[in-house]
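The values are calculated or read from the model by the stated rules, or taken from the named source; none is laboratory data. The structure displayed is predicted, hence computed values, not measured ones. Here Cβ is always computed from backbone atoms with ideal geometry, including for glycine, and neighbour counts include all displayed protein chains.
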Amino acid sequence: MAITIITKDNFKAEVQDFKGTVLIDFWADWCGPCRMLSPIVDEVAAENPGVKIGKVNVDEQQELAAQFNIMSIPTLLVFKDGNKTGESIGLIPKEQMEKLID
């Protein structure tokens, strides 16, 4: 499944109304750990085709970041059937990311 760019305008359709698991990566261009996490997110996306992967650029989507109290990036949020079920802050290894979406 391709990576979806999540915005405040498509959040309801892409995340809240989605039946299944969604992993959202809150990131920014200037964030070093975000750039290090990105290839891991891409790898998890490639290996888990049943999971929707979304990315939120916190600089462009400040309202969405505020809605989820994103204070540090990278932050990963997991939603299952529209409900938040998990959260991880900071750079994490692939194994930990996979546990989040299980």
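Among residues of region 38-67 being polar (S, T, N, Q) and outside any helix (DSSP H, G or I), the one that is nearest to SER88 (Cα to Cα) is ASN57.
Any chance region 56-71 includes a residue that's in contact with a strand residue (DSSP E or B) (Cβ under 6 Å, 6 or more places away or on another chain), small (Gly, Ala, Ser) and surrounded by fewer than 20 Cβ atoms within 10 Å (Cβ to Cβ)? The answer is no; no qualifying residue exists. Entry remark, region 68-102: residues being over 13 Å from VAL41 (Cβ atoms) and in a helix (DSSP H, G or I) number 2 in total. Tell me whether region 37-50 contains one or more residues that are at pLDDT below 95 and within 18 Å of ASN83 (Cβ to Cβ). Yes, region 37-50 has at least one match. For region 20-37, a residue qualifies if it is assigned to a helix (DSSP H, G or I) and over 16 Å from LYS94 (Cβ atoms), and exactly one does: GLY32.
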